[in-house]
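The values are calculated or read from the model by the stated rules, or taken from the named source; none is laboratory data. On a predicted model such as this, the values are computed, not experimentally measured, just so you know. Neighbour counts run over all protein chains shown; Cβ positions are idealised from the backbone, glycine included.
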Amino acid sequence: MKTQQFLEHHGIASNPFAEEDAQTDPVFKDHCILSAHHPTWDKIYGDPSEPATSIVFGEKGAGKTAMRLQIVRHLADHNRSHPNSRVWVIEYDDFNPFLDRFRDRFGARHRRAGRLLADWKLWDHMDAILSLGVTDLVNRVLESTPAVDLPTNEINPADVRTLDKHQARDLLLLAACYDQSSAETPRGRWNRLRRKVRYHAWLAHWDVAVGLVGTLVAAGLTAYLQNWHWLERPWIYLAVAATWLPFLFRFLQRFWLASGVARHVRVGKHASNQLRRILTKIKSADLAGQPLPRKQRTDDRYELLAKFQGILKTLGYGGIIVLVDRVDEPHLINGSVDQMRALLWPMLDNKFLKHPGIGFKLLLPIELSQFIEREDRDFYQRARLDKQNMVPSLEWTGEALYDVALTRIRACAAPGQTPSLTDLFDPAISERRLVDAFRTLRVPRHLFKFMYRLFVAHCNAYTDEEPSWKISAERFESVLALYSRDQDAFDRGLRAG
């Protein structure tokens, strides 16, 4: 007996439990993303008009990634319905590029993950977040974002022209330091952005004009007066060199600035000479007193973050939401709880998490919660977790899992059909028994795996000629017992899951 035959008999067009990962689950993305929420959804999502931080701990399969996708979808809907108070979304969920660049900055003695991550600081997180945000913003301004991207962050080309000259300068500075696109050369992309915001670079090259004029005047006077013996005297060369001193000073100053940025933005990819050529096109008056990430400290990053927020506000975005997920997946972390802690703990800083206009949604593995309980008073004073909307455990009740299963079954219903979960089972299996059984599964991923295994086991026990349209109580209990044993082995790290 085929599984699809069993499902179609009950009015279900496709298997509701075939996928286990929310990122590749069409049932979730197409039907459940706006309706199937965890009971703590309101606390975690909050109010987009006032972005707030939430810290969530959940075990594998509890729905952290699904919640991230739901937040993105809901914010996209919010932005469409509130064009004057939109929220810019930064998905900080792929740490591999930043960790790889960070590791490349250190010698062989720091190659071990534990020693390397001990040097990871809060400003490295800030640089990574600014890199994601600025790169996305430049993509939108240059209209080079793939069309398949969810339109959470959108920029009206007409709004770009509303940036004043100071904000245009700020955007160019941020792009020089943090734009990490590899679609084209950094210099060519920066020049396209400069033309887009109408920043005139030729004014920055007055010192080149002085040097050229000085050289031409010296050569012209020598030729006009036929005083060729001047060429034998050192003073004429010194005079010409003096006219090039402003250019030399600017060259050295920009190289010094570029080297500092390239050295201290440890999660970025910068070539000092390429960055120096970009900074050379910004007027000295516009660079004077401006923050640049060229020191190992957070002060400059906070100022740059404020500039980024100011630009977004002019473009119609009153807040920023940063989604942090998949902390356990980078190859440098490799599932190690100690290394996850080393990576994440610098971010648990109340000043950072409560930065005005920014809300952080930290979706973290449950294993990290044990470290929270062991921390000292200084950590609690710095992190102030009591103010961060913390959810200690993303738990699911049996009733909530029953609702999830029913929602998915009805999402996969054939046209005109309204299947019920209890219709699949023998009448001896009551709704209360299903709820109690689902409670032992704890999280949606285990629920999906169990239901898929149950369907397969039932269908394998019957032929196409003699099908059975109800799952018996004996079959249900035996498959549940086997799955519970495997689940226990997974919890103890003896199975892959």
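Some points to look at:
- Taken residue by residue, the range 126-143 has at least one member that is modelled with pLDDT under 90 and of a type outside the set (A, V, I, L, M, F, W, C).
- Failed criterion for Val87 (all others in (1) modelled with pLDDT of 90 or more; (2) surrounded by fewer than 19 Cβ atoms within 10 Å (Cβ to Cβ) hold): (2)
- Residue in the range 287-302 that is hydroxyl-bearing (Ser, Thr, Tyr) and in contact (Cβ under 8 Å) with a residue 40 or more places away in the chain present: yes
- For the range 462-493, a residue qualifies if it is in contact with a Leu (Cβ under 9 Å, 6 or more places away or on another chain), of a type outside the set (Lys, Arg) and farther than 28 Å from Glu59 by Cα, and the qualifying residues are Trp469, Ile471.
- Near pairs, Cβ below 7 angstrom, 6+ apart or cross-chain, from the range 1-24 (closer than 17 Å to Val404 by Cβ) to any residue that is part of a loop (DSSP other than H, G, I, E, B): Ile12/Cys412; Ile12/Ala414; Ile12/Pro419; Ser14/Cys412; Pro16/Cys412; Glu19/Asp25
- Pairs linking a residue in the range 444-461 that is under 27 Å from Gly58 (Cβ atoms) and surrounded by 17 or more Cβ atoms within 10 Å (Cβ to Cβ) to a residue that is hydroxyl-bearing (Ser, Thr, Tyr) and at pLDDT below 95, with Cβ atoms under 8 Å and 6 or more positions apart or on different chains, are His446/Tyr483; Lys449/Tyr483; Phe450/Tyr483; Phe455/Thr3.
- Ile333 being surrounded by 20 or more Cβ atoms within 10 Å (Cβ to Cβ), in the same structural domain as Asp94 (by TED's automatic domain parsing), under 14 Å from Ser54 (Cα atoms) and under 19 Å from the mean Cα position of the chain (by Cα): no
- Residue within the range 371-378 that is surrounded by 20 or more Cβ atoms within 10 Å (Cβ to Cβ) and in a helix (DSSP H, G or I) present: no
- Qualifying residue in the range 167-177 (condition: of a type outside the set (Gly, Ala, Ser), within 17 Å of Phe308 (Cβ to Cβ) and free of Cβ contacts under 8 Å to residues at least 60 places away in the same chain): no
- Any hit, the range 266-274, residues being within 19 Å of the chain's Cα centre (by Cα), surrounded by fewer than 16 Cβ atoms within 10 Å (Cβ to Cβ) and farther than 22 Å from Gly133 by Cα: no
- Boolean, Phe17 is at pLDDT below 95 and part of a helix (DSSP H, G or I): no
- The residues of the range 30-39 that are of a type outside the set (Gly, Ala, Ser), within 15 Å of Pro444 (Cα to Cα) and buried (at least 17 other Cβ atoms within 10 Å of the Cβ), listed by number, are Cys32, Ile33, His37, His38.
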